[in-house]
1. Would you calculate the separation in nanometres between label points at ASP49 and PHE366, each defined as 7 Å from the Cα along the Cα-to-beta-carbon direction?
2. Taking the dipole about the Cα centre of the chain, with the C-beta of Lys and Arg at +1 and of Asp and Glu at -1, give me whichever of VAL359, GLN29, VAL239 is farthest to the positive side.
3. Report, in degrees rounded to the nearest 10, the 0 to 90 angle that the Cα long axis of helix 224-252 makes with the longest principal axis of the chain.
4. Whole Å is fine, so just give me how far the alpha carbon centre of the range 159-204 lies from that of the range 46-124.
5. Report the longest stretch of the chain that contains none of the chymotrypsin sites (Phe, Trp or Tyr not before Pro) sitting in a DSSP loop with at most 15 other Cβ atoms within 10 Å.
6. When DSSP beta bridges are limited to those with both residues in the chain, what percentage is antiparallel, rounded to the nearest 5?
7. Run the dipole for the range 222-378 about the Cα centre, Lys and Arg Cβ at +1, Asp and Glu Cβ at -1, nothing else charged, and hand back the magnitude in debye, nearest 20.
8. Which net charge results for the neighbourhood of ILE101, defined as the other residues with beta-carbon distances under 14 angstrom from its beta-carbon, given Lys and Arg at +1 and Asp and Glu at -1?
Amino acid sequence: MSDDKSSSSKLLILCVDRDDDIGVKAQFQTPIMGRRRCLSAATKLAVADPEEADANAIFGAIRQHDELLKKGYECEVAVVSGFFNSGVEADRRISDEVRSIQDKQHFDGIVFISDGVEDETVLPILQGIVPVVSVRRIIIKHSKTLEESYAVFGRYLRMLAYDSRYSKFALGIPGLLLVVGGLLVAIGYAGEALIAAITIVGAALILRGFDLDRLLASTVRLKPLGLLKATFTIASLLVITSAFLQSFVELASTKEYAAIVMNPQLTLSYVPFLVGTLIQGAMNLTWIGLSIFFGGAILYNWGRRSFRIWRHLVGLIILMVLYLPILQFTSILINPNQASALILVSYLLISLAATFGTVTVVIHYFRNSRRIRGAGRTA
């Protein structure tokens, strides 16, 4: 019976370290294949951090590997990892490493070894590569005595103090509140201390809630093309923001705006004028800002030799052909008696024709490219 099992299927006993403790603490590069290398990695991780659950999970994977070998299964043990901050990048790395293992040695199924719910979130990803035939969770046993409860509590306190993922919010934000509050009280602005505290807490919640801290950290690690795209995007946002601020300042100096300030009941009657004036005043700089964005995207995709360059080229062309229709529409909003709707219709027809022609050319280009590539593969 053992021979039948070993010949019928080949199993991969897989341990997933989603937050890359094996790389950060034990300095091991994944994927790690084979019993000897996995045992070495688990031992080094346990020595680096004896309380690390991932080390126990790797030992559990090795034990499962040995038990299946005794039962006659053909199997191998491996460890893959994600990234320190988890998230999409971590899942993509796990997927890539499992695919590389599968390409080197074809496995018929995965026995997944987990140390908790977080690592098990990658199960759908693994299922798309190799069928998961079994899931085993390694749970560390703890005594229920009061002494060990204090030890576990102390472990989490140390994690809050020394793990940068948690310490910047658990200690950094309260520390900043105390320093700013103390300085304001010392210089005689005790009343403003509460406002400063609320502002700091609100900013911290926004950073963490919208994942802005991780976004900034990932921006530092961007490659040159990524930095180029980010620079163009930021420049575009600055120009567009400046456009609307400048336009609003000009709008606030008009007599219509002054009339609304004096009599708010006139707001509805002046809405078309206000909207038209605001958009028309911001149009030139807004179009420049959008052109900067599309230009950066075109350079980025050109550097990557990506076909998405055509998408942004079409967007840039559409942006140009829409300028006159939108400008005419704002003129109608500002002064409907003098601006002509027929001119707006003619501009729209020209814009639609130009857009249709551009899209037709791009579709024709893509079809010819696919036909040429298909002929090349056939040859």
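We did not get these values from a lab; they are worked out from the coordinates using the rules stated. This structure is a prediction, so every number in the text was calculated from the model and none was measured. Cβ sites come from the backbone with ideal geometry, for glycine too, and all protein chains shown count toward neighbours.
1. About 4.6 nm, to one decimal.
2. Of VAL359, GLN29, VAL239, it is VAL359.
3. Once rounded, one gets 30 degrees.
4. Between the Cα centre of the range 159-204 and that of the range 46-124, the gap is 40 Å.
5. Numbers: sites that count: TYR189, PHE210, PHE307.
With chymotrypsin sites (Phe, Trp or Tyr not before Pro) excluded where exposed in loops, the chain gives 1-188 as its longest stretch.
6. On the way: 2 of 20 bridges.
Roughly 10 percent of the DSSP beta bridges within the chain come out antiparallel.
7. Working: 12 positive and 2 negative charges, 288 e Å.
With only Lys, Arg, Asp and Glu charged at Cβ, the dipole is about 1380 debye.
8. Working: positive: LYS10, ARG37, ARG93, ARG99, LYS104; negative: GLU76, ASP96, GLU97, ASP103, ASP108.
That works out to 0.
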